[in-house]
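Student: Structure incoming, see below.
The values are calculated or read from the model by the stated rules, or taken from the named source; none is laboratory data. Treat the numbers as computed from the prediction; the structure is a model and nothing was measured. Note that we place each Cβ from the backbone using ideal geometry, even for glycine, and neighbour counts take in every protein chain shown. To get the accessible areas, we keep the full protein, side chains included, count just its heavy atoms, and leave off ligands, DNA and RNA. Shrake-Rupley method; radii C 1.70, N 1.55, O 1.52, S 1.80 Å.
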Amino acid sequence: MKKRFTSFEDVDKELEILKLEREIQMRKMGLRVENISDAISPSNLMKTGFSTFATSFKESSGLRSIIFTAVIRFIIKQIKTRKSR
């Protein structure tokens, strides 16, 4: 649908509206890029990874027992190493 303008003032108003709409879209795009940059920052990725691991750890008794066993073995090994010195 083509717009019909009756004066140069109408054209100027439409151009100003289009300019403002473009500026709004550019700012929105800038905010999206900023949000994406924040989301994929190393600190945020680590925080998300630790959170995911913690959730998995809470929900998995098998994983808990494996890690618990490994920690106990490590502690026992450390104690034996200290005693032999």
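Student: Carbon-plus-sulfur fraction of the accessible area of the range 36-85, 1.4 Å probe, in percent?
Tutor: 66
Student: Right, here's the next one. Please give the charge dipole size of the chain, origin at the Cα centre, charges +1 on K and R Cβ atoms and -1 on D and E Cβ atoms. Round to the nearest 20 debye. Walk me through the intermediate numbers first.
Tutor: Values: 18 positive and 10 negative charges, 280 e Å.
In total the dipole reaches around 1340 debye.
Student: So how far apart, in nm, are the two label points at Q78 and L20 if each is 7 Å from Cα heading toward Cβ?
Tutor: That separation, rounded to one decimal, is 6.5 nm.
Student: Now for a different question. With percent of Cα pairs over 15 Å apart in mind, check (i) 50; (ii) 79; (iii) 55 and report the label derived from this structure.
Tutor: Here the calculated entry is (ii).
Student: Hey, can you find the accessible area per residue of the chain for me, probe 1.4 Å, expressed in square angstrom?
Tutor: Using a 1.4 Å probe on heavy atoms only, each residue of the chain averages 98 Å².
Student: Under 17 Å between alpha carbons: how many lysine pairs meet that in the chain, if sequence neighbours fewer than 8 apart on the same chain are excluded? If you can, show how the numbers build up before the last one.
Tutor: Numbers: K2/K13; K3/K13; K3/K19; K19/K28; K47/K58.
Total qualifying Lys-Lys pairs in the chain comes to 5.
Student: Would you work out which of T6, A54, I17 lies farthest towards the positive end of the dipole of the chain? Charges go on Cβ: Lys and Arg +1, Asp and Glu -1.
Tutor: A54
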